[in-house]
Structure formats: C-alpha cells, structure tokens
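Notes for the one structure printed next.
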Amino acid sequence: MSEKKMDDKVIEQIKKLEEKYEVMGQDLSSYLDGLLYADYLTYWDYIHLDTLMSLQTPKTGLKDEMVFIVYHQHTELFFKLILWEIDQITNAEKLTEQFFLERLTRINRYFELLEHSFSVMVEGMEREQFLKFRMSLLPSSGFQSAQYRWIELCSTDLFNLTAINLRANLNPEDSVEKLLDAIYWKQGATELASGKKTLTLKQFEEKYGQSFIHRALAFKGNNLWQIYKSLFDGVKKDETIIDALKRYDLLANVYWPLAHYKSAVKYLQRDPVDIAATGGTNWQKYLPPRFQKVIFFPELWSEAERQEWGKGWVMKEVVRGKDPDK
Ligand code: HEM
C-alpha cells in the first residue's frame, strides 16, 4: 500500500521533470541516464576538502605560522559570508523589515564570532615565533584585505569612511574618486620616516583600486545606511532595527578592531622609532578606533557617543592600567 503511494509520487515527480526539461527543449531520458551513471556525492567532494587543505602553505618552518595562516583564512571566509548577506539585502526584489533585520542579525553573529575567536591570535602563538615568521611575510599585511574594505563600502556612505582630519575640506557629494582619495585607511599606510605611501598600500591599490571605485559607485545610493533610510526610517521608528544597526557599528568599528589591536599590542614593538626603522606604519596611532573614529551610522549616535567612540573599551580590555594610546 505504502509502496503504491511512493510510485504515484515518483510518477508525479517524473511528470514535473518532463515539463521542466521540455521547456528548455531537453530530453529527460538522457538526463535520467546521466543520473544512472553519476557517482554518489561525497562530503569531501562537496566541500572541496582536498583543495581547502592544500591552501595552507607556510613560508617558514616555524610551527605557529600555520595558526596565523588558518586564522586569516577563517576570517576571510566569514568576511565572505558578511558580504553575501549584504548582497542579499541590497539585491532583494521586495525588501521587508523582517528580511533586513534577519540578515543584519546574521552579520552581527559572524562579527561576534570573529571578535571572540581573536584569542586564537592573541593567546595562541608564541611571540618569539611570530616575530620571526612575520619577517618572511613582509610587506604583506591584513591591511590588504579587500573584503574588509568592501564590507565598509557596502555598509555606509563613502563620506563616513574618510579621514576625520580631512573632512573639513570634503563634501558628501564630492566625486567617488575624491572621497576615496581621502579614505581613512590610506593615512594608516604612510611611512613614518618619509611620509610616503608604503609598498603595502601601493600594491594593494594596484590590485584592488578599480574594485574600490566600482563598489563605491555601485553602493552610493544602495548601501545598508541608504537602504535603511529610504525604506524603514520615517515610516516607523523600528527600535529593533536601530539596535541591530548600532550593534553592527560597534562590532565592525570598535569590538573587532580592538580585538585585532590587542594582538598588535601583544606581538609588535611599541616604540614608533623601531617601527619607522623597518619601514612600518605608526599602528599605535592608527589602529585604535578612538583615533580612526570610523562610524557607519553616525546619525544613530549622540554627539557625546561619537566623541567617546571606542574609548571605554580600550581602557578596560586592552591595556588594563597602561594606556598605549597616549
Ligand atoms: C598576530 C596577529 C596580527 C597582528 C600583530 C596584526 C597587526 C596589524 C598591524 C600592525 C596593522 C596596521 C597596518 C600595518 O602596519 O600593516 C594591521 C592592519 C590590519 N589587519 Fe592585522 N594583525 C594581525 C592579525 C590579523 C588578522 C587575523 C586579520 C584578519 C583578516 C587582520 C586584518 C587586518 C586588517 C583588516 C587591517 C587594516 C585595519 C584598518 O585599516 O583599520 N589582522 N594588522
């Protein structure tokens, strides 16, 4: 009896398949033959496990370099998911508040995971090994993560990403090229001694410069802030969405950057003279959110909150008594 029922179901499915293939002028029978000969899918083929496991290629024999590589790759995969969720929001045909909020909540979850897991870097490598293997990786830097920059460009108006000290001479309506020229991170890649662009920045711009222009143009009126403003703000003040946007702002621009900063504090020289000598940047004056003051959604914060951006957390979590930002 139950077998007969299954047969009917299979027949119904075959009819549907026939219709599907007919529309495209395809012969279902040939496709069924293909199914007959096809191998069963395996876990390792599905997620391309062999390829994935072949992508960790340390430059030195120091064991902890593997931790460093795998953790960077893990972070880039989550950056990919964050961009994936942003794309779903920006490409949605009919965007509802619920869909917007759900995708935003996913993004916050990914950033929380990245923030909390940063202990893998901060606690999980021997400093002596790190200081050696990082010399084999120069001049590359996580600074060159294009996905990180794309996330920023998709989240807010480009003006909000410009360096604070240049804003007096800028206007949100300036050309994308002009605003990109003043983007905050270019200031973080200037050599201490000479004031010139670092090689790290030059190479980054050479490879991704065009992609930044394209993305900035594409998301000018279609970034998360613009979407929120045009669809949900004013219609109804939805506190839940505002809370989620504010949480995202904090995670992306305070919590994750500070978890990351903690690793620089732990592993790197703290004397700017030493950094200058190796052609490096003054990361102590660049990385802390209280100096960068990147805020995706400034309109959602009070003047006092914007002024205090990033400060409390630094005092409590990073330095425990000594303030490296002074
Ligand atoms: C021990 C671990 C780490 C240390 C010591 C470290 C150090 C630094 C330093 C000093 C900078 C400033 C730019 C420069 O001088 O190169 C920087 C920038 C950056 N790093 Fe890391 N980093 C670490 C791990 C990571 C990881 C796991 C990621 C994940 C992709 C990452 C992503 C970034 C990004 C996106 C920037 C640019 C930040 C900005 O412009 O505000 N870093 N890092």
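With the convex hull constructed from alpha-carbon coordinates only, the chain shows a mean projected area of 24.5 nm² over all directions. How much length is gained on full extension from Leu231 to Asp39, taking 0.36 nm per residue of separation minus their Cα-Cα distance? Working it through step by step, the gained length comes to 64.4 nm.
Shown in residue order for region 41-52 are the 3J(HN,Hα) couplings computed by the Karplus curve 6.51 cos²θ - 1.76 cosθ + 1.60 at θ = phi - 60°: 6, 10, 4, 5, 6, 4, 9, 6, 4, 4, 5, 4 Hz (x for Gly and Pro). Axis angle, to the nearest 10 degrees, between helix 65-91 and the longest C-alpha principal axis of the chain: 60 degrees. Using the average count of surrounding beta-carbon atoms within 10 Å as a protection proxy, the listed peptides 80-87, 203-210, 155-162 rank, highest first, as 155-162, 80-87, 203-210. Taking all protein chains together, Asp7, Asp39 sort by accessible area into Asp39, Asp7, largest first [probe 1.4 Å].
Amide H contacts under 5 Å for Thr162: Tyr184, restricted to partners 5 or more places along the chain or on a different chain, H placed in the peptide plane at 1.01 Å from N.
Between Tyr184, Tyr248, Tyr46, the residue with the greatest mean-square fluctuation in the GNM of the chain (Cα pairs under 10 Å linked by springs) is Tyr46. What pairs from Lys202/Lys293; Lys94/Lys246; Lys229/Lys293; Lys94/Lys293; Lys132/Lys285; Lys59/Lys266 go past 32 Å between their alpha carbons? Going by Cα-Cα distance, Lys94/Lys293 fall outside the 32 Å limit. By the helix-only formula, in which each DSSP H run with n ≥ 4 contributes -39500 (n - 2.57) and the sum is divided by residues, the chain has a 222 nm mean residue ellipticity of -17000 deg cm²/dmol. Treating the Cα atoms of region 59-203 as identical point scatterers in vacuum, please give the log10 of the normalised Debye intensity I(q)/I(0) at q = 0.16, 0.17, 0.21 Å⁻¹, two decimals. Here the Debye-derived log intensity ratios amount to -1.08, -1.15, -1.30.
For region 12-24, 3J(HN,Hα) computed residue by residue from phi via the Karplus equation (6.51, -1.76, 1.60; θ = phi - 60°) reads 4, 5, 5, 4, 5, 4, 4, 4, 4, 6, 4, 3, 8 Hz, glycine and proline entered as x. What you get for region 26-76, charging only the Cβ of Lys and Arg (+1) and of Asp and Glu (-1), is a dipole of about 320 debye around the Cα centre. Here the 3J(HN,Hα) profile of region 215-220, calculated from phi with Karplus coefficients 6.51, -1.76 and 1.60 at θ = phi - 60°, is 5, 4, 5, 5, 9, 3 Hz, Gly and Pro shown as x. In the full protein context, the chain carries 59 Å² of accessible surface per residue, based on a 1.4 Å probe and ignoring ligands, DNA and RNA. Extension gain for the segment Ser140 to Glu97, taken as residue separation times 0.36 nm less the Cα-Cα distance, is 11.4 nm to one decimal.
Against the chain, whose longest principal axis is taken from its Cα atoms, helix 146-155 shows a tilt of about 80°. Helix 239-250: angle to the longest alpha-carbon principal axis of the chain, degrees 0 to 90, nearest 10? Tilt relative to the chain: about 60 degrees. If R0 is taken as 56 Å, the Cβ-Cβ distance between Gln26 and Gln307 corresponds to a FRET efficiency of 0.30. Where the accessible area of the chain is counted over protein heavy atoms with a 1.4 Å probe, how much of it, in %, is carbon and sulfur? In the chain, the share of accessible area belonging to carbon and sulfur is 56 percent.
The values are calculated or read from the model by the stated rules, or taken from the named source; none is laboratory data. As the structure is a computational prediction, the values presented were derived from the model and not from experiment. So basically every Cβ, Gly included, is an ideal-geometry build from the backbone, and we count neighbours across all protein chains shown. Calculation scope for accessible area: heavy atoms of the full protein, side chains included, ligands and nucleic acids excluded. Shrake-Rupley method; radii C 1.70, N 1.55, O 1.52, S 1.80 Å.
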